[in-house]
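J.: Below are the structure tokens for one structure; questions will follow.
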Amino acid sequence: VGIPGTNQERSFIAIKPDGTQRRLVGEIIARFEKKGFKLVGIKILVPTPEHAAKHYEDLNKKPFFNGLVKFFSSGAVVAMVFEGKDVVRTGRVLIGATDPSQSAPGTIRFDLCIETGRNIIHGSDSNESAAHEIALWFKEDEIANWVSTNPVYE
Ligand code: RTP
């Protein structure tokens, strides 16, 4: 699942139900594309609560876990895989801090949302979680191995 540390590094990025409800799908994809990351996987679905719980299983001891799972499975999620150099770390920079009020201007969360519980987007926080999440959301043949003709972005 991608090659961490190279131009083929991959991250799992998901637009949460509040993002799709607010019609922010195009805006969010545009920010990743304009940066230069390559979209290699995309689908839209309403996750089951079981799938949502698996996605957030690391947080299952947190007081907000049940509410998070309920919200994440309450509407359409756009699940994506983006590829590019340092995409896991830099993708998190584009996204901004978990609490939008602590995020920097110019980030997706600062510019487009207010509440931690409605922060519109998820991005993998490590190469290890990226591999785990991509496998949870995508089959191998749902990821497109296309070559960019732009040498800057490979
Ligand atoms: P994400 O996994 O969604 O990209 O978010 P993150 O890494 O920035 O934050 P994380 O700590 O993993 O939390 C996952 C999501 O849970 C919700 N949350 N609610 N009510 C609360 O205090 C609280 N804290 C976290 C947020 O939607 C957060 O994105």
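J.: Please give the residues of segment 116-139, grouped as numeric ranges, whose backbone N is less than 13 Å from a label point set 7 Å along the Cα-to-Cβ vector of K62.
T.: 116-125
J.: Please compute the alpha carbon radius of gyration of segment 72-154, then divide it by the globular-protein estimate 2.2 N^0.38 Å. Two decimals is fine. The partial results should precede the final answer.
T.: Values: Rg = 14.5 Å, N = 83, 2.2 N^0.38 = 11.8 Å.
Normalised Cα radius of gyration, segment 72-154: 1.23.
J.: How big is the Rg/Rh ratio for segment 30-94, C-alpha atoms only, Rh by Kirkwood, two decimals?
T.: Numbers: Rg = 14.0 Å, Rh = 13.4 Å.
A ratio of 1.05.
J.: Next question, about the same structure. In whole Å, what are the extents of the chain along the principal axes defined by its C-alpha atoms, from largest to smallest?
T.: Taking max minus min along each principal axis of the Cα atoms, the chain gives 45, 34, 26 Å.
J.: What percent does the relative contact order of the chain come to when contacts are Cα pairs within less than 8 Å and at least six residues apart? Kindly include the intermediate steps, with their values, before the conclusion.
T.: Details: 262 pairs, mean separation 54.0, N = 154.
Over the chain, the number comes to 35 percent.
J.: Still on this model: Report the gain in length on full extension from S148 to E27: 0.36 nm times residue separation, minus Cα-Cα distance, nm rounded to one decimal. If you can, show how the numbers build up before the last one.
T.: Values: separation 121, 0.36 × 121 = 43.56 nm, distance 2.19 nm.
Stretched out fully, the S148 to E27 stretch lengthens by 41.4 nm.
J.: Using per-residue counts of other Cβ atoms within 10 Å, averaged over each peptide, order 66-76, 114-124 from highest down.
T.: Working: 66-76: 16.2, 114-124: 18.4.
So the peptides 66-76, 114-124, ranked by packing, come out 114-124, 66-76.
J.: What are the lysines whose alpha-carbon lies under 16 Å from the alpha-carbon of K43, with same-chain residues fewer than 8 places away excluded?
T.: K16, K139
J.: Magnitude of the Cβ-charge dipole of the chain, K/R +1 and D/E -1, about the Cα centre, nearest 20 debye?
T.: On the way: 19 positive and 19 negative charges, 81 e Å.
Dipole of the chain, to the nearest 20 debye: 380 debye.
Since every read-out is calculated from the coordinates, none of them should be taken as a lab result. Remember, it's a predicted structure, so these values are computed and weren't measured experimentally. Glycine also receives a Cβ, built like all others from the backbone with ideal geometry; neighbour counts cover every protein chain displayed.
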